[in-house]
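Chemist: Structure in structure tokens, see below.
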Amino acid sequence: MVKEYLENITTQFKSYKEVADKTIAQLEEKDLHWKYNEESNSIAAIIVHVSENMLSRWTDFFTSDGEKEWRDRDAEFETHDLSKKELIAQWEKGWNCLFAALNSLNEENFNQPILIRNKQVKLLESITRQIAHFPYHIGQIAYVGKMILNDKWQTASIAKGKSKEFIQAEFEKNNS
């Protein structure tokens, strides 16, 4: 059951990442730093935040607290003077950390508790928190990307007005 769960959760995380990756790929460097207003986050800030969250939670997660001393959460939301290439490298570093952590899990260690903010939690709880947290920010990335690109936007999921065609193609694919 643990193996099946981990495969499922990894697939789900990959699908979230894919939506963000498809959005980021369409944007120019300046777009990644655009903010609707001062209270809004740029895509760059969201990339840094999500990546730092992953790195903090999943680096040495069995032997150290998931809220690392080196993490500066508030700074994650500040303006970042990073190139698109640097942002993508940061993004990939976080995701690689998450996927390596998930790949290290098995029946023997899955029930081992971990610490987050000096509170002992079940690993399952930590994964659940992440699977709820990341789509929130990935939705922001996609939404801001749509605002910037407008009619140049290429959907990262099912295109508007194309649901029936998508569903039909899925049925045909699954019947082959």
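The values are calculated or read from the model by the stated rules, or taken from the named source; none is laboratory data. Just so you know, these numbers come straight off a predicted model, no measurement behind them. Here Cβ is always computed from backbone atoms with ideal geometry, including for glycine, and neighbour counts include all displayed protein chains. For the accessible areas, the whole protein counts, side chains as well, though only heavy atoms, and no ligand, DNA or RNA atoms are used. Shrake-Rupley method; radii C 1.70, N 1.55, O 1.52, S 1.80 Å.
Chemist: Could you name every one of the helices (runs of 4 or more DSSP H) located completely within segment 82-176 that has at least 2 residues being polar (S, T, N, Q) and either in contact with a helix residue (DSSP H, G or I) (Cβ under 7 Å, 6 or more places away or on another chain) or surrounded by 11 or more Cβ atoms within 10 Å (Cβ to Cβ) (or both)?
Modeler: Helices (runs of 4 or more DSSP H) meeting the threshold: 84-103, 123-149.
Chemist: Of the residues in segment 1-29, how many are out of contact with any helix residue (DSSP H, G or I) (no Cβ under 7 Å at 6 or more places or on another chain) and among the hydroxyl-bearing types (Ser, Thr, Tyr)?
Modeler: Within segment 1-29, residues that are out of contact with any helix residue (DSSP H, G or I) (no Cβ under 7 Å at 6 or more places or on another chain) and among the hydroxyl-bearing types (Ser, Thr, Tyr) number 3.
Chemist: Checking Thr63 against (1) in a loop (DSSP other than H, G, I, E, B); (2) under 26 Å from Met147 (Cα atoms); (3) of a type outside the set (A, V, I, L, M), which test does it fail?
Modeler: It fails just one condition, (2).
Chemist: Right, Leu98: touching a Phe, Trp or Tyr at 6+ places or on another chain (Cβ under 6 Å), closer than 18 Å to Ile138 by Cβ and among the aliphatic types (A, V, I, L, M) or not?
Modeler: Considered against the rule, which asks whether it is touching a Phe, Trp or Tyr at 6+ places or on another chain (Cβ under 6 Å), closer than 18 Å to Ile138 by Cβ and among the aliphatic types (A, V, I, L, M), Leu98 comes out as yes.
Chemist: Checking Trp70 against (1) closer than 25 Å to Lys119 by Cβ; (2) in a loop (DSSP other than H, G, I, E, B); (3) touching a residue at least 40 places away in the same chain (Cβ under 8 Å); (4) open to solvent by 20 Å² or more (accessible area, probe 1.4 Å), only one condition comes out false. Which one?
Modeler: (3)
Chemist: Restricting the first residue to segment 42-53 and requiring it to be assigned to a loop (DSSP other than H, G, I, E, B), which pairs with a second residue that is open to solvent by less than 10 Å² (accessible area, probe 1.4 Å) meet a Cβ separation below 7 Å and a spacing of at least six or different chains?
Modeler: Close Cβ pairs (under 7 Å, with a partner that is open to solvent by less than 10 Å² (accessible area, probe 1.4 Å)) amount to Ser42/Leu32.
Chemist: Scanning segment 1-24 for residues that are out of contact with any Phe, Trp or Tyr (no Cβ under 8 Å at 6 or more places or on another chain) and among the hydroxyl-bearing types (Ser, Thr, Tyr), which turns out nearest to Ala100 (Cα to Cα)?
Modeler: Here the answer is Thr11.
Chemist: Which one of the conditions (1) more than 30 Å from Phe110 (Cα to Cα); (2) open to solvent by 20 Å² or more (accessible area, probe 1.4 Å); (3) within 13 Å of the chain's Cα centre (by Cα) does Ile43 fail to meet, given that it meets all the rest?
Modeler: The failed condition is (2).
Chemist: From Lys22, Lys30, grab the single residue that is open to solvent by 60 Å² or more (accessible area, probe 1.4 Å), touching a residue at least 60 places away in the same chain (Cβ under 8 Å) and not acidic (Asp, Glu).
Modeler: After applying the criteria, what remains is Lys22.
Chemist: Being touching a strand residue (DSSP E or B) at 6+ places or on another chain (Cβ under 7 Å) and either touching a residue at least 24 places away in the same chain (Cβ under 8 Å) or farther than 15 Å from Asp65 by Cβ (or both) is the filter here; which residues of segment 82-120 pass it?
Modeler: Matches in segment 82-120: Ile114 only.
Chemist: Among the residues of segment 150-166, write down those that are modelled with pLDDT of 80 or more and more than 21 Å from the chain's Cα centre (by Cα).
Modeler: Scanning segment 150-166 gives Asn150, Asp151, Lys152, Lys160, Gly161, Ser163, Lys164, Glu165.
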